[in-house]
Amino acid sequence: MTLAATESEPERIARGLRQRDVALLQSLVQQYQCRLVRYFIFLLGTRDSVDDLVQEAWLRVLERGRSYDGESRFEPWLFAIARNLAIDHARKRRLFSLDSNDDHEPASFSPVSSTASPFEQAARTEDARHLAHSLQSLQPAYREALVLRFQEELSLQEISHIVGASVSTVSSRIYRGLAALRQQMDGGSHAN
Amino acid sequence: MQTDGHASIYNLIDKSLAGEISGQEEQSLRQHLLTCTACRGYLDASNRAIAGLGGFAFETDPGLPDRVFAALTIRAAQLETQRLSHRKLAWSYVAALILTLVGSFVAMQLGDRFAAAFSATHQQVQLGLIAIWIVPSVCFCVLLPTLPMMSKRWMHAKGLSL
């Protein structure tokens, strides 16, 4: 039996990253491009600079690929890299703080723009159109928890690892995010 | 919709959606949902909100993958060059270290023979070896590890940094 036949997907990716296998990276770029774009938009609440951040994220994957051990899934490791880049980017622009430990703190960044938000532009279903406004005004940390849990289908532990917060903080963010969206969906009849 | 009587079940529904509900809690939740319209409504609204999150299609620049591939290829080549130069540097350091040790050994052990061969004193031979062999080797040993840093500074100063 060959090595390739016995190793798991994360192990195969880890081996490729150790060898700085550009072909592997190209396939990962194709596979994860849309997901990274979505994550950055949910995190930053804007489409600006997202393409640059995606490119920078893959360059970091190439440079730091040796630190991925292949024992856990690749996605949390990739999103952790993306998150650090987004935080650096946000700090540079002084838009908002994703590092805030106070979940009660109001979002300090609400882009004022006459054009439609990235969520309004990307909404393809009736429900998504309902949520678009609510998402734009939601705190980035809540949006992030929602997208990682319900779109990326990561576990609470994996999300906790990515955001560097406790599992209880992550679940609290998910509850609050969901509450805000639910309120938007049914006009507030289920507000907690 | 009245929430007071159902708050604990709403909490269970939230826990279930977040993925942290226990088997026992899930069972009691299922039983409750069979008979409670209000809580089923809460679950439906939550599921609609979650489904709504999947209703966004963010457009991506079709040229982005090509740009990323090009950047990755260039960066991979730079990293490979860097790796090779680090390897060369490591070998040079080992060579300089060996030269230092061998030079010191020669100066100590074979000084007398050299002195006889060149009609010089033992001290003169040792000074000569120190000057033309040991000191340059030691200098290489000390300077080589600083080369990458110096080269990085030079590239930065010239605007060539990566």
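The values are calculated or read from the model by the stated rules, or taken from the named source; none is laboratory data. For clarity, every value in this text was computed on a predicted model and none was experimentally measured. As a convention, Cβ positions derive from the backbone with ideal geometry for all residues, glycine included, and neighbour counts pool all protein chains shown.
Observations, loosely collected:
- Hits in the stretch B:114-149 - residues which are surrounded by 14 or more Cβ atoms within 10 Å (Cβ to Cβ), β-branched (V, I, T) and farther than 17 Å from B:Y93 by Cβ: B:V125, B:I130
- Selection of the stretch B:96-113 for residues being touching a residue at least 24 places away in the same chain (Cβ under 8 Å) and surrounded by fewer than 16 Cβ atoms within 10 Å (Cβ to Cβ) yields only B:L97.
- Taking the stretch A:166-178 as the range and being facing chain B (nearest Cβ under 8 Å) and either of a type in the set (F, W, Y) or more than 21 Å from A:W77 (Cα to Cα) (or both) as the test, the residues that pass are A:Y175, A:L178.
- When the criteria are applied in full, B:L43 fails the requirement of being assigned by TED's automatic domain parsing to the domain that holds B:I132, in contact with a helix residue (DSSP H, G or I) (Cβ under 8 Å, 6 or more places away or on another chain) and either farther than 30 Å from A:L59 by Cα or not hydroxyl-bearing (S, T, Y) (or both).
- Considering only residues in the stretch B:60-85 that are in a loop (DSSP other than H, G, I, E, B) and more than 7 Å from chain A (Cβ to nearest Cβ), the one that is nearest to A:L131 (Cα to Cα) turns out to be B:P62.
- Being in contact with a Ser or Thr (Cβ under 9 Å, 6 or more places away or on another chain), on the phi < 0 side of the Ramachandran plot and surrounded by 12 or more Cβ atoms within 10 Å (Cβ to Cβ) holds for only one residue in B:A18, B:A71, B:A76, B:A57, and it is B:A18.
Yes/no matrix, rows are residues, columns are (1) in contact with a Lys or Arg (Cβ under 9 Å, 6 or more places away or on another chain); (2) at pLDDT 90 or above; (3) of a type in the set (S, T, Y):
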position	(1), (2), (3)
A:R83	no, yes, no
A:S113	no, no, yes
A:A116	no, no, no
A:E126	no, no, no
A:Y142	yes, yes, yes
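- Filtering the stretch B:40-59 to residues that are in a helix (DSSP H, G or I) and facing another protein chain (nearest Cβ under 7 Å) leaves B:Y42, B:A45, B:S46, B:R48, B:A49, B:I50, B:A51, B:G52, B:L53.
- Within the stretch A:28-47, the residues that satisfy the criterion of being without any contact (Cβ under 8 Å) to a residue 24 or more places away in the chain and in contact with a helix residue (DSSP H, G or I) (Cβ under 9 Å, 6 or more places away or on another chain) are A:Q30, A:Q33, A:V37.
- Top-ranked residue in the stretch A:146-165 [being more than 9 Å from chain B (Cβ to nearest Cβ) and in a helix (DSSP H, G or I); ranked as nearest to A:F119 (Cα to Cα)]: A:L148
- Selection from the stretch A:28-76 of residues that are farther than 23 Å from B:D66 by Cβ, in a helix (DSSP H, G or I) and in contact with an Asp or Glu (Cβ under 9 Å, 6 or more places away or on another chain): A:F42, A:L43, A:E75, A:P76
- Unique residue being at pLDDT 75 or above, small (G, A, S) and closer than 30 Å to A:E63 by Cα when the list is B:G63, B:G128: B:G63
- Among the residues of the stretch A:30-48, those that are farther than 15 Å from A:A145 by Cα and touching a Pro at 6+ places or on another chain (Cβ under 7 Å) comprise A:Q30, A:Q33, A:T46, A:R47.
- Across the stretch A:30-50, the qualifying residues are those that are surrounded by fewer than 19 Cβ atoms within 10 Å (Cβ to Cβ) and charged (D, E, K, R), and the one among them that is farthest from the other protein chains (Cβ to nearest Cβ) is A:D48.
- Complete set of residues in the stretch A:61-78 that are without any contact (Cβ under 8 Å) to a residue 12 or more places away in the chain and within 14 Å of another protein chain (Cβ to nearest Cβ): A:E63
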